[in-house]
Amino acid sequence: MQSAGFQIFLLACLLSCAIISSAGMGFIKLSFADVFKILTAKIFNLESAISDMDKLMPVIVMDVRLPRILTSAIVGGGLAMSGVVFQGILLNPLADPYTLGPIGNSLVPFPLMMEQSSHSASTAQGRSGTDDILLCLLIYFEINWNCCKA
């Protein structure tokens, strides 16, 4: 087995490669080497290293693509951490969003949207939308009532 420090280093290198390669993708394609050169020039303040490039390329990488890529990486890490916390709290390796209920609870607004869109349709559809809302609320409160009693 490899040490935890080596595994973390390897994962950080893989994440860095994924970020650099993602920054090269898009409508204007950039090579891995160009993105790496732009990032190192901006980090170490070596503007002369990218003076031969088009002036638009560093703007595309640093101001457009990189903030989105880093935000996605941070959000993904946060979601992973919340999954670890759920499994740690419940002491159940099979605990997932479908078992715990956040996925089911996120579907509650769906009948409300159906109800809003059915106002322009016939009256029968409007009544069925109301029935859906009442059914979802009944199921939601029944699940919460049974969870609280236990």
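Listed values, structure above:
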{"quantity": "Tally of residues being small (Gly, Ala, Ser) and in a helix (DSSP H, G or I) across the stretch 27-43", "calculated": "2"}
{"quantity": "Count of the stretch 29-45 residues which are basic (Lys, Arg) and over 11 Å from PRO58 (Cβ atoms)", "calculated": "1"}
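This table checks each residue for (1) open to solvent by 90 Å² or more (accessible area, probe 1.4 Å); (2) modelled with pLDDT of 95 or more; (3) part of a helix (DSSP H, G or I).
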site: LEU11; (1), (2), (3): yes, no, yes
site: MET25; (1), (2), (3): yes, no, no
site: ASN45; (1), (2), (3): yes, no, no
site: ASP52; (1), (2), (3): yes, no, no
site: ALA73; (1), (2), (3): no, no, yes
site: SER82; (1), (2), (3): no, no, yes
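The values are calculated or read from the model by the stated rules, or taken from the named source; none is laboratory data. In this text, all values refer to a predicted model and were calculated from it rather than measured experimentally. With ideal geometry, Cβ positions are generated from the backbone for all residues, glycine too; neighbour counts draw on all protein chains shown. With ligands, DNA and RNA removed, areas are computed over all heavy atoms of the protein, side chains included. Shrake-Rupley method; radii C 1.70, N 1.55, O 1.52, S 1.80 Å.
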